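Down below is the structure, laid out as structure tokens.
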Amino acid sequence: MRKISKKGRRGFVLIFVMLLIILIAIFVSNLYISSTFTYILIRNNMLSQQVYYLAQSGMDYALVNDLTDTGLWPRGTSYTVPEGSISIALSSPSSGTYNIASTATSGLRSRQIAVTVQAGKITV
């Protein structure tokens, strides 16, 4: 049986340690990529919900305030909140039918909700 010299053993340990470092580096980079991707997905979901609720709040504002304040017809209104901006478009009332469109913008996202209100009925 052949004896392995100390120099040969050191070479084996060096190769083993280098492979171990490479494996750890691959694991850490995969962990970083995975956490970054998860963060992007969560952020997109949050922004999508945020702009939806902004548009919904504009619709609620229009239903509660604008329908009773005839001075806002037919131009609508818009306002800005810290999370974004909301525009409400109102059509001129004709035969008891009102068309309302609420558009919200937050960052690069935009969402529109439209309803038709007719004598106590709401059609989405």
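Please state which one of Ser48, Ser35 is in a helix (DSSP H, G or I), within 24 Å of the chain's Cα centre (by Cα), over 22 Å from Thr116 (Cα atoms) and modelled with pLDDT under 90. Residue meeting the stated conditions: Ser48.
Checked against the criterion of being modelled with pLDDT under 90 and more than 15 Å from Val117 (Cα to Cα), the candidates Ala25, Ala55 yield just one match: Ala55.
Listed by first and then second residue, the pairs with beta-carbon distance under 6 Å, at least 6 apart or on different chains, first residue in region 16-41 and among the acidic types (Asp, Glu), second modelled with pLDDT of 95 or more and assigned to a helix (DSSP H, G or I), form an empty list.
Name the residue that is nearest to the chain's Cα centre (by Cα), counting only residues in region 99-119 that are without any contact (Cβ under 8 Å) to a residue 60 or more places away in the chain and outside any strand (DSSP E or B). If we take residues in region 99-119 being without any contact (Cβ under 8 Å) to a residue 60 or more places away in the chain and outside any strand (DSSP E or B), then Leu108 is nearest to the chain's Cα centre (by Cα).
Checked across region 38-45, the condition of being more than 30 Å from Ser87 (Cβ to Cβ), assigned to a helix (DSSP H, G or I) and aromatic (Phe, Trp, Tyr) holds for at least one residue. If you go through region 65-111 and keep only what is modelled with pLDDT of 75 or more and aliphatic (A, V, I, L, M), you end up with Val81, Ile86, Ile88, Ala89, Leu90, Ile100, Ala101, Ala104, Leu108.
The values are calculated or read from the model by the stated rules, or taken from the named source; none is laboratory data. It should be emphasised that the depicted structure is a prediction, and the values quoted were computed from it without experimental measurement. Here Cβ is always computed from backbone atoms with ideal geometry, including for glycine, and neighbour counts include all displayed protein chains.
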